[in-house]
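Engineer: Quick one: structure below, then a few questions.
The values are calculated or read from the model by the stated rules, or taken from the named source; none is laboratory data. Just so it is clear, the model here is predicted, and its values are computed rather than measured. Here the Cβ positions follow ideal geometry from the backbone for every residue, glycine too, while neighbour counts run over all protein chains shown. For accessibility, only protein heavy atoms count, side chains too; no ligands or nucleic acids. Shrake-Rupley method; radii C 1.70, N 1.55, O 1.52, S 1.80 Å.
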Amino acid sequence: MKRIVKILLAVAAALLILVGSIAVGSVNLSPGQVAEILMAKLSGGSGTVDPNLSAIVWEMRFPRAVLAFLTGAALSASGTVMQSILKNPLASSYTLGVSSGASLCAALVMVTGVTFPLLGSLFTLPAAGFAGGLATVFLALAFAARLDGKMENQTVILVGMVFSLFVNAILTLITALSREHLQQMVFWQMGGFTGRNWSHVAVMFPVLVISMLVLQRFTPEMDIMSFGEEQAMSIGVDLKRIKLLLIGIAALLTGTAVSLVGVIGFVDLIAPHVVRRIFGSSHRLVLPLSALFGGTFLMLAELISRTVMAPTIIPVGAVTALVGAPFFALVFFRGRKLK
């Protein structure tokens with residue numbers, strides 16, 4: 001019963017922050033106005049709703065809040081998977097170079113001005129970032145497999161960090177040589193939701209739903225792998241195949257998120273730790289609840305980024321870093337003391 005109450009409180013907090021994200025801004029709205037506008041849009045009517053307020057809510061704030069939630073959920077689910085299969089509290093798709101590869105390809109698009117004919121200018125940058133992130137992580141995995149046929153966790157993490165540092169060095173060089181694009185590249189790397197709309201939500205939503213359904217199918221294997229690779233192999237788990245599959249899905253989630261909104265850190269590290277402390281270690285619960293917590297956290301960060309220094313908008317990645325770094329340190333060191 002206590003667990004159900006905690007889950008209901010988490011859902012209520014998410015809904016409360018969603019309403020706050022929609023209501024608070026340059027033009028503040030009441031919860032009643034938000035509900036009236038959303039009901040009018042969903043029912044297909046207009047009623048007595050002010051068309052200007054309706055446009056602000058439906059075309060700007062609501063999709064931005066939904067995308068923030070989906071992005072946070074994707075990053076948190078990815079972090080849960082990585083921490084589980086690599087048994088490392090600092091493991092994430094970022095560790096394996098997804099964000100670095102995505103940033104590099106996005107920077108190349110910004111500098112060259114290339115536009116993919118079938119995608120247009122809107123989705124060229126996300127597509128390039130996504131492809132770069134996936135390419136980097138799979139190159140890292142292939143290299144790790146050549147070094148260690150069993151793909152030991154330490155080997156995968158070390159190779160991923162080396163690839164990430166190498167790609168970041170190339171990105172730094174491009175940034176230094178293309179100063180006219182410096183501000184655009186820096187802000188993209190810090191993450192943000194300005195200018196995002198329903199078309200971005202339409203890309204993130206199916207990727208998240210399908211990935212979560214597949215990952216939920218493998219939660220028993222993640223529980224087993226958490227106890228160690230030898231135990232998993234003795235039970236009959238095809239460790240290499242499942243590890244590659246889960247890392248690939250985690251990279252897909254992070255790569256899609258990074259390519260749409262830029263690099264946003266700490267969400268995928270914090271959410272799994274908090275959820276495990278509150279709800280235990282069973283991935284059947286940890287995976288969906290980490291997505292819920294991460295989505296809520298990123299919605300709150302997006303709201304703070306728009307309001308704390310209004311009308312100036314702070315990059316969301318900067319907010320998550322400022323809030324997440326000390327929070328993560330508190331959780332991590334408190335856990336060490338308990339041991």
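Engineer: Between beta-carbons, use under 13 Å as the cut-off and find the net charge around MET110, counting Lys and Arg +1, Asp and Glu -1.
Structural biologist: Spelling it out: positives minus negatives among the neighbours equals 0.
Engineer: Figure the gain on full extension for LEU147 and VAL24 (residue separation times 0.36 nm, minus the Cα-Cα span) and round it to one decimal in nm. Can you show the working numbers first?
Structural biologist: Numbers: separation 123, 0.36 × 123 = 44.28 nm, distance 5.23 nm.
Roughly 39.0 nm would be gained on extension.
Engineer: Here's another thing I want to ask about it. Got a sec to turn the phi values of segment 185-191 into Karplus ³J(HN,Hα) couplings, 6.51 cos²θ - 1.76 cosθ + 1.60 with θ = phi - 60°, whole Hz, x for Gly and Pro?
Structural biologist: 5, 5, 5, 5, 5, 8, x
Engineer: If you don't mind, another one. What is the percent carbon and sulfur in the accessible area of the chain, measuring with a 1.4 Å probe over the protein chains and ignoring ligands? Walk me through the numbers before you get to the answer.
Structural biologist: Working: 11440 of 16260 Å².
Answer for the chain is 70 percent, counting heavy atoms of protein chains only.
Engineer: Have a look at MET233, MET212, MET190 and tell me which one the Gaussian network model of the chain (Cα, springs below 10 Å) gives the largest fluctuation.
Structural biologist: Highest fluctuation of the listed residues: MET233.
Engineer: Which residue, LYS243, LYS87, LYS41, tops the fluctuation ranking in a GNM of the chain built on C-alpha contacts under 10 Å?
Structural biologist: Top of the fluctuation ranking is LYS41.
Engineer: Which order, highest average first, do 312-323, 286-297, 171-182 follow once you tally other Cβ atoms within 10 Å for each residue and take the mean per peptide? All intermediate terms of the calculation are to be shown ahead of the outcome.
Structural biologist: Values: 312-323: 19.2, 286-297: 25.8, 171-182: 12.9.
Output ranking for 312-323, 286-297, 171-182: 286-297, 312-323, 171-182.
Engineer: May I pose another question? Of the residues ARG284, ARG61, ARG217, which exhibits the maximal mean-square fluctuation in a Gaussian network model of the chain defined by a 10 Å Cα contact cut-off?
Structural biologist: ARG217
Engineer: A further question follows. Can you tally the lysine pairs in the chain where the Cα-Cα distance is under 22 Å and the two residues are eight or more apart, or on different chains? Intermediate values should be presented prior to the final figure.
Structural biologist: Numbers: LYS87/LYS150; LYS87/LYS240; LYS87/LYS243; LYS87/LYS337; LYS87/LYS339; LYS150/LYS240; LYS150/LYS243.
For the chain, the number of qualifying lysine pairs is 7.
Engineer: Taking every pair of alpha-carbon atoms in the chain, what share in percent sits in each 10 Å bin, from 0 to the bin with the longest distance?
Structural biologist: 6, 25, 33, 24, 10, 3, 0
Engineer: Continuing with the same structure: Give me the net charge of SER281's neighbourhood, meaning all other residues with Cβ under 13 Å from the Cβ of SER281; Lys, Arg count +1, Asp, Glu -1. Please report the intermediate quantities before stating the final value.
Structural biologist: Numbers: positive: LYS87, ARG276, ARG277, ARG284; negative: ASP223.
Charge balance in the 13 Å sphere: +3.
Engineer: I need the phi-derived Karplus couplings for segment 246-253: 6.51 cos²θ - 1.76 cosθ + 1.60, θ = phi - 60°, integer Hz, Gly and Pro marked x.
Structural biologist: Once θ is set to phi - 60°, the couplings for segment 246-253 become 5, 5, x, 5, 4, 5, 4, 4 Hz.
Engineer: Compute the relative contact order of segment 66-217 as a whole-number percentage, counting only Cα pairs closer than 8 Å that sit 6 or more residues apart in sequence. Mind dumping the intermediate values first?
Structural biologist: Working: 146 pairs, mean separation 46.5, N = 152.
After rounding, I find 31 percent.
Engineer: Can you check what the net charge comes to around THR48, using other residues whose Cβ is under 14 Å from the Cβ of THR48 (Lys, Arg +1; Asp, Glu -1)?
Structural biologist: Numbers: positive: LYS41; negative: GLU36, ASP50.
Once all neighbours under 14 Å are counted, the net charge is -1.
Engineer: Tabulate in residue order the Karplus-calculated ³J(HN,Hα) for segment 270-280, using 6.51 cos²θ - 1.76 cosθ + 1.60 with θ = phi - 60°, rounded to whole Hz; enter x for Gly and Pro.
Structural biologist: So the J values, rounded to whole Hz, are 6, 3, x, 5, 5, 5, 5, 5, 8, 10, x.
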